[in-house]
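One structure is given here, and the rest of the page talks about it.
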Amino acid sequence: MFDNGSPFKGRLLSAFCEQVGVRLIHTAVNHPQTNGKLERAFRDDMRDFYKRHDTWLLDGLRRDLPDYVYYRNHIRGHHALGGEPAITRLNEYTHLALPAVLERLESYACYEIGRKTIPATGSIRLFGRDAYLGTMAGREVTFFESLEGLEARFNGECAVLQDYRTFKQMVMHYRHPDTDPTHKMIPFVDS
(Lines give C-alpha, C1' and ligand atoms only; values in the text may rest on other atoms or scores of the structure.)
Protein backbone atom coordinates (compact mmCIF):
# COMPACT_ATOMS: atom_id res chain seq x y z
CA MET A 1 0.00 0.00 0.00
CA PHE A 2 1.41 3.35 -1.06
CA ASP A 3 0.51 6.95 -0.58
CA ASN A 4 -0.90 8.98 -3.48
CA GLY A 5 2.12 11.24 -3.90
CA SER A 6 3.80 11.47 -7.29
CA PRO A 7 6.91 9.48 -6.18
CA PHE A 8 4.61 6.50 -5.64
CA LYS A 9 2.83 6.64 -8.98
CA GLY A 10 5.71 6.38 -11.45
CA ARG A 11 6.24 3.72 -14.10
CA LEU A 12 9.36 2.41 -12.33
CA LEU A 13 7.43 1.47 -9.17
CA SER A 14 4.60 -0.03 -11.22
CA ALA A 15 7.08 -2.11 -13.27
CA PHE A 16 8.78 -3.32 -10.08
CA CYS A 17 5.52 -4.40 -8.45
CA GLU A 18 4.34 -6.12 -11.62
CA GLN A 19 7.61 -8.05 -12.02
CA VAL A 20 7.62 -9.34 -8.44
CA GLY A 21 3.90 -10.17 -8.51
CA VAL A 22 2.77 -7.56 -5.99
CA ARG A 23 -0.51 -5.73 -6.45
CA LEU A 24 0.11 -2.00 -6.13
CA ILE A 25 -2.54 -0.32 -3.99
CA HIS A 26 -2.78 3.41 -3.35
CA THR A 27 -4.46 4.79 -0.24
CA ALA A 28 -7.76 6.61 -0.48
CA VAL A 29 -7.43 10.32 -1.23
CA ASN A 30 -8.22 12.58 1.76
CA HIS A 31 -8.51 9.57 4.06
CA PRO A 32 -5.41 9.64 6.30
CA GLN A 33 -6.67 6.77 8.47
CA THR A 34 -5.70 4.30 5.72
CA ASN A 35 -2.05 5.26 5.83
CA GLY A 36 -1.43 6.77 9.26
CA LYS A 37 1.44 4.42 10.18
CA LEU A 38 3.03 4.95 6.77
CA GLU A 39 2.77 8.75 7.06
CA ARG A 40 4.24 8.70 10.57
CA ALA A 41 7.14 6.47 9.53
CA PHE A 42 7.78 8.63 6.46
CA ARG A 43 7.76 11.80 8.58
CA ASP A 44 10.29 10.26 10.99
CA ASP A 45 12.47 8.99 8.13
CA MET A 46 12.39 12.40 6.42
CA ARG A 47 13.55 14.10 9.62
CA ASP A 48 16.10 11.50 10.70
CA PHE A 49 17.55 10.42 7.33
CA TYR A 50 16.51 12.07 4.08
CA LYS A 51 16.73 15.72 5.18
CA ARG A 52 20.28 15.10 6.41
CA HIS A 53 21.33 14.65 2.75
CA ASP A 54 21.77 17.74 0.60
CA THR A 55 20.90 15.78 -2.54
CA TRP A 56 19.03 12.53 -2.93
CA LEU A 57 21.37 10.67 -5.23
CA LEU A 58 21.02 6.91 -5.28
CA ASP A 59 24.69 6.11 -4.56
CA GLY A 60 24.79 8.27 -1.42
CA LEU A 61 21.46 6.98 -0.14
CA ARG A 62 22.48 3.37 -0.79
CA ARG A 63 25.74 3.93 1.09
CA ASP A 64 24.12 5.53 4.15
CA LEU A 65 20.82 3.65 4.34
CA PRO A 66 22.11 0.45 6.03
CA ASP A 67 23.38 2.45 9.03
CA TYR A 68 20.08 4.31 9.28
CA VAL A 69 18.04 1.09 9.06
CA TYR A 70 20.23 -0.40 11.80
CA TYR A 71 19.62 2.69 13.97
CA ARG A 72 15.87 2.63 13.22
CA ASN A 73 15.51 -1.07 14.05
CA HIS A 74 18.09 -1.70 16.80
CA ILE A 75 18.52 1.58 18.70
CA ARG A 76 15.63 3.99 18.30
CA GLY A 77 12.69 3.21 20.57
CA HIS A 78 9.14 3.14 19.24
CA HIS A 79 6.12 4.39 21.13
CA ALA A 80 3.92 1.50 19.96
CA LEU A 81 6.48 -0.96 21.40
CA GLY A 82 6.66 0.70 24.80
CA GLY A 83 9.92 2.47 23.95
CA GLU A 84 11.63 -0.72 22.79
CA PRO A 85 13.46 -0.81 19.44
CA ALA A 86 11.74 -2.50 16.49
CA ILE A 87 14.19 -5.42 16.59
CA THR A 88 12.29 -6.80 19.58
CA ARG A 89 9.34 -7.29 17.23
CA LEU A 90 11.38 -8.05 14.09
CA ASN A 91 13.09 -11.00 15.81
CA GLU A 92 9.73 -12.77 15.70
CA TYR A 93 10.07 -13.04 11.91
CA THR A 94 12.52 -15.26 10.07
CA HIS A 95 12.44 -13.45 6.69
CA LEU A 96 15.50 -11.23 6.57
CA ALA A 97 16.36 -8.78 3.80
CA LEU A 98 19.84 -10.03 2.95
CA PRO A 99 21.97 -7.79 0.68
CA ALA A 100 21.84 -10.33 -2.17
CA VAL A 101 18.05 -10.42 -1.92
CA LEU A 102 17.82 -6.62 -1.91
CA GLU A 103 20.13 -6.37 -4.92
CA ARG A 104 18.03 -8.91 -6.80
CA LEU A 105 14.87 -6.99 -5.91
CA GLU A 106 16.41 -3.74 -7.22
CA SER A 107 16.96 -5.41 -10.58
CA TYR A 108 13.17 -5.77 -10.97
CA ALA A 109 12.74 -1.98 -10.95
CA CYS A 110 13.24 -1.64 -14.69
CA TYR A 111 11.09 -1.14 -17.76
CA GLU A 112 11.69 -0.70 -21.48
CA ILE A 113 11.28 2.81 -22.86
CA GLY A 114 11.90 2.08 -26.53
CA ARG A 115 14.39 1.23 -29.26
CA LYS A 116 16.55 3.40 -31.47
CA THR A 117 19.15 2.70 -34.12
CA ILE A 118 22.34 4.55 -33.21
CA PRO A 119 23.89 6.35 -36.23
CA ALA A 120 27.41 5.43 -37.40
CA THR A 121 28.74 8.51 -35.56
CA GLY A 122 27.66 6.92 -32.26
CA SER A 123 25.97 10.16 -31.22
CA ILE A 124 22.24 10.76 -30.67
CA ARG A 125 20.23 13.76 -29.51
CA LEU A 126 18.98 13.29 -25.97
CA PHE A 127 17.39 15.98 -23.81
CA GLY A 128 18.64 18.71 -26.15
CA ARG A 129 22.25 17.52 -26.08
CA ASP A 130 24.45 15.00 -27.81
CA ALA A 131 24.83 11.63 -26.12
CA TYR A 132 27.67 9.40 -27.29
CA LEU A 133 27.21 5.64 -27.53
CA GLY A 134 30.20 4.86 -29.73
CA THR A 135 30.47 1.13 -29.06
CA MET A 136 26.83 0.73 -30.09
CA ALA A 137 27.10 2.75 -33.32
CA GLY A 138 25.08 1.36 -36.21
CA ARG A 139 23.07 -0.96 -33.97
CA GLU A 140 19.51 -0.98 -32.70
CA VAL A 141 19.74 -0.22 -28.99
CA THR A 142 17.02 -0.82 -26.41
CA PHE A 143 16.57 1.89 -23.75
CA PHE A 144 15.39 1.10 -20.23
CA GLU A 145 14.69 3.15 -17.14
CA SER A 146 16.09 1.52 -13.99
CA LEU A 147 17.20 2.56 -10.53
CA GLU A 148 20.66 3.08 -12.02
CA GLY A 149 19.35 5.60 -14.57
CA LEU A 150 18.74 5.51 -18.31
CA GLU A 151 20.28 2.33 -19.73
CA ALA A 152 21.16 1.69 -23.36
CA ARG A 153 21.51 -2.06 -23.97
CA PHE A 154 22.70 -4.06 -26.95
CA ASN A 155 23.82 -7.69 -27.03
CA GLY A 156 25.03 -7.85 -23.43
CA GLU A 157 26.59 -4.37 -23.48
CA CYS A 158 25.07 -1.71 -21.25
CA ALA A 159 25.78 2.03 -21.05
CA VAL A 160 24.14 4.05 -18.25
CA LEU A 161 23.29 7.73 -17.99
CA GLN A 162 23.14 7.94 -14.21
CA ASP A 163 21.83 11.50 -13.81
CA TYR A 164 19.29 11.24 -16.59
CA ARG A 165 16.34 12.31 -14.42
CA THR A 166 18.18 15.56 -13.78
CA PHE A 167 18.77 16.05 -17.51
CA LYS A 168 15.15 15.17 -18.19
CA GLN A 169 13.85 17.82 -15.79
CA MET A 170 16.22 20.62 -16.75
CA VAL A 171 15.29 23.10 -19.41
CA MET A 172 18.14 22.81 -21.87
CA HIS A 173 19.10 25.15 -24.66
CA TYR A 174 21.09 23.44 -27.36
CA ARG A 175 24.32 25.08 -28.44
CA HIS A 176 26.04 23.77 -31.51
CA PRO A 177 29.48 22.29 -30.69
CA ASP A 178 31.12 24.08 -33.63
CA THR A 179 30.03 27.53 -32.43
CA ASP A 180 29.96 27.13 -28.66
CA PRO A 181 33.04 25.90 -26.76
CA THR A 182 30.95 25.28 -23.60
CA HIS A 183 28.90 22.58 -25.38
CA LYS A 184 29.18 19.30 -23.51
CA MET A 185 28.14 15.76 -24.27
CA ILE A 186 25.99 13.73 -21.90
CA PRO A 187 28.21 11.21 -20.06
CA PHE A 188 26.94 7.68 -20.66
CA VAL A 189 29.23 5.23 -18.84
CA ASP A 190 29.78 1.57 -19.63
CA SER A 191 28.70 -0.76 -16.87
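The values are calculated or read from the model by the stated rules, or taken from the named source; none is laboratory data. This structure is a prediction, so every number in the text was calculated from the model and none was measured. Ideal geometry is used to build each Cβ from the backbone, glycine not excepted, and the neighbour counts take in all protein chains shown.
The single condition from (1) within 30 Å of R165 (Cα to Cα); (2) surrounded by 12 or more Cβ atoms within 10 Å (Cβ to Cβ); (3) without any contact (Cβ under 8 Å) to a residue 12 or more places away in the chain; (4) more than 19 Å from the chain's Cα centre (by Cα) that L61 fails is (4). For the range 111-131, the criterion of being within 30 Å of Y70 (Cβ to Cβ), in contact with a Ser or Thr (Cβ under 8 Å, 6 or more places away or on another chain), surrounded by 11 or more Cβ atoms within 10 Å (Cβ to Cβ) and at pLDDT below 90 is satisfied by no residue at all.
Could you please let me know if A137 is modelled with pLDDT of 85 or more, farther than 27 Å from W56 by Cα and among the small types (G, A, S)? Criteria met by A137.
With respect to A152, determine if the residue is at pLDDT 90 or above and either farther than 21 Å from Q19 by Cα or small (G, A, S) (or both). Lay out the reasoning, then the answer.
Working: at pLDDT 90 or above: yes; either farther than 21 Å from Q19 by Cα or small (G, A, S) (or both): yes.
It is true that A152 is at pLDDT 90 or above and either farther than 21 Å from Q19 by Cα or small (G, A, S) (or both).
Filter the range 100-110 for residues that are modelled with pLDDT under 85 and touching a Leu at 6+ places or on another chain (Cβ under 6 Å) and give the result. Outline the logic, then answer.
Of the residues in the range 100-110, the ones modelled with pLDDT under 85 are 100-107.
Across the range 100-110, the qualifying residue is only E106.
Of all the numbered requirements in (1) crowded, with 20+ Cβ neighbours inside 10 Å; (2) under 21 Å from A15 (Cβ atoms), F143 misses one, and that requirement is (1). Within the range 1-41, being at pLDDT 75 or above, surrounded by 14 or more Cβ atoms within 10 Å (Cβ to Cβ) and more than 25 Å from S146 (Cβ to Cβ) holds for one residue alone: T27. Taking the listed residues F8, F49, the one that is in contact (Cβ under 8 Å) with a residue 12 or more places away in the chain, in contact with a Phe, Trp or Tyr (Cβ under 9 Å, 6 or more places away or on another chain), among the aromatic types (F, W, Y) and farther than 24 Å from V160 by Cα is F49, with no other qualifying.
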